[in-house]
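Engineer: Got a structure here, written out as structure tokens. Questions coming.
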Amino acid sequence: MRGGRVRAHTLDAFCDALWLEDGLAQNTIAAYRADLEQLEAFVGRDPVDAEERELFSFLAHKSGRASSAARRVSTLKRFYQYCVRERLIDSDPTLKLDAPKRSPRFPKSLSEQDVEALLAAPNTATPLGLRDRAMLEMLYATGVRVSELVTLKLHAINLQAGVVRVLGKGSKERLVPLGEEAVHWIERYLKDARPALKGKRDPDALFITARGAGMTRQAFWHLIR
């Protein structure tokens, strides 16, 4: 394991490279440094030695907007690309990691207060309300398209790692971190709501209707009108 001085040297050299090679602003570099310091505290050792599963767990542990999650993913990708280039590690543990879209897939006319009200609107004392809250939280945390959200399969979600496997355009697969808040509501939905909704059926869709069938785009947009 590397000592604290070596860790600090690596972090300083990485931040210098961000400024010299990429011309990033000082506040952006400071945010990158803070992300890596938080990662070090999370894994309890030099982040250079962190494994893929630990990075996914770290991202899942963090909560916040898709834009913040996207920056953290960018931090990790840039850092480990730098580590590979400098021959500090042999392979990049972030190759399978994809950043959330920066713009949540809500109507552009909604303010931040409107979005918060929308997230809190479903009656989570009911199975359908729990489903709706889980869907909205996932959409807000990841920025996936509604068409991607409603076609997610049950096996695509990994709550322990805090990621979802999304099949996008051109059948391209990507792993997207969920964030702590989305994981919380999806766990509640899977435990307390989905079994009641599916009844005797065994659908493979993650999010299902009151009849146990997979959700549709039309059914989702009806939720926020």
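The values are calculated or read from the model by the stated rules, or taken from the named source; none is laboratory data. All values reported here derive from a predicted model rather than from experimental measurement. When we count neighbours, we look across all protein chains shown, and the Cβ atoms used for this are built from the backbone with ideal geometry, even at glycine.
Engineer: So which residues in the range 34-51 are crowded, with 17+ Cβ neighbours inside 10 Å, in contact (Cβ under 8 Å) with a residue 40 or more places away in the chain and assigned to a helix (DSSP H, G or I), if there are any at all?
Structural biologist: Correct list: ASP35, LEU36, PRO47, VAL48.
Engineer: Across the range 47-63, what is the total count of residues that are at pLDDT 85 or above and in contact with a Ser or Thr (Cβ under 8 Å, 6 or more places away or on another chain)?
Structural biologist: 3
Engineer: What is the number of the single condition among (1) out of contact with any helix residue (DSSP H, G or I) (no Cβ under 6 Å at 6 or more places or on another chain); (2) modelled with pLDDT of 85 or more; (3) within 29 Å of LEU97 (Cβ to Cβ); (4) not in a loop (DSSP other than H, G, I, E, B) that GLY129 does not meet?
Structural biologist: (3)
Engineer: Can you find a residue that is among the basic types (Lys, Arg) and under 18 Å from ALA70 (Cα atoms) anywhere in the range 134-155? Spell out how you get there, then give the answer.
Structural biologist: Narrowing the range 134-155 to residues among the basic types (Lys, Arg): 145, 153.
Within this subset, residues satisfying the condition of being under 18 Å from ALA70 (Cα atoms) are 145.
The answer is yes, given that some residue of the range 134-155 is among the basic types (Lys, Arg) and under 18 Å from ALA70 (Cα atoms).
Engineer: Counting only residues that are more than 19 Å from VAL146 (Cβ to Cβ) and assigned to a helix (DSSP H, G or I), how many does the range 198-225 have?
Structural biologist: 1
Engineer: Take the range 151-183 and flag every residue that is of a type in the set (Ser, Thr, Tyr) and part of a loop (DSSP other than H, G, I, E, B).
Structural biologist: So the first thing to find is which residues in the range 151-183 are of a type in the set (Ser, Thr, Tyr), and the list is 151, 171.
Within the range 151-183, just THR151 meets the criteria.
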